[in-house]
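**Student:** Sharing a structure below in structure tokens format, with a few things to ask.
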Amino acid sequence: MNYFLTPLIIILSMSLWFGKADSTIQAEQQTEQQDNTIDYKKEGQEIIRNTFLALNNQLRQAMEEGGPEYAIRFCKIAALPITDSMSTQYSASIRRVSENYRNPNNAPQDEELAVLKVMEIADKTGVTTSEMIIFHDDHTDYYAPITVGPHCLKCHGVPLEDFDEEHARLISSLYPDDKATGYKQGDLRGIWHIRFNK
């Protein structure tokens, strides 16, 4: 087990259970940093909103042009470049990560995994966790949950229930190690991770 994760999971879990009003986790910082928390929150929300819109609009267009099969192929090719272009636009690192990833590039790393664990605990116990902010010496990390919406089920839902066998075979052929199906609407699917370098 990664010994980095154990204390971090404990610290984050304790913060969650002691009831942070807005479920935002903050390390002890100087007053100036604390005053900037709203800016990180606002900027993080804006980046997520606009990145989601960019991805969603392109995916909807692909669906209209060629149906689910074309959209799946398009997503494999275009999703990361679209995210990277938004990272450049905002001068911030943008990642969408999940333990049940489709693309191995979206597998969680140390702190991301710890945050995912806390959000999973919150989700299973009915505690609303909207976002987390974690300060570091040289950067600040903003996290927000990714939940499954109705349109997500066409590619991430239950095989043979939300999409047909041909669709399922295509996903398996493009992503042999796919872990990103079997979700229901409203499930926690992963997290957004926005990193602001100082």
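The values are calculated or read from the model by the stated rules, or taken from the named source; none is laboratory data. Note that this is a predicted model, so its numbers are computed, not measured. Positions of Cβ are generated from backbone atoms using ideal geometry, with glycine treated the same way; all protein chains shown enter the neighbour counts.
**Student:** So, in the stretch 134-162, of the ones that are hydrophobic (A, V, I, L, M, F, W, C) and in contact with a Gly (Cβ under 8 Å, 6 or more places away or on another chain), which residue ends up farthest from Ile191 (Cα to Cα)?
**Tutor:** The selected residue is Val158.
**Student:** Would you be able to say whether some residue in the stretch 67-74 is of a type in the set (Val, Ile, Thr), modelled with pLDDT of 50 or more and either under 14 Å from Tyr143 (Cβ atoms) or surrounded by fewer than 17 Cβ atoms within 10 Å (Cβ to Cβ) (or both)?
**Tutor:** no
**Student:** Another question, then. Is it true that some residue in the stretch 109-129 is surrounded by fewer than 18 Cβ atoms within 10 Å (Cβ to Cβ) and closer than 22 Å to Arg49 by Cβ?
**Tutor:** yes
**Student:** Right, here's the next one. So which residues in the stretch 43-78 are among the small types (Gly, Ala, Ser) and over 19 Å from Ala168 (Cα atoms)?
**Tutor:** Listed by number, the residues that qualify are Gly44, Ala54, Ala78.
**Student:** Counting only residues that are touching a Cys at 6+ places or on another chain (Cβ under 7 Å) and free of Cβ contacts under 8 Å to residues at least 24 places away in the same chain, give me the helices (runs of 4 or more DSSP H) lying completely in the stretch 30-135 with at least 1 of them.
**Tutor:** Helices (runs of 4 or more DSSP H) meeting the threshold: 37-90.
**Student:** What tally of residues in the stretch 85-98 results from selecting those that are surrounded by fewer than 17 Cβ atoms within 10 Å (Cβ to Cβ) and closer than 23 Å to Leu188 by Cα?
**Tutor:** 1
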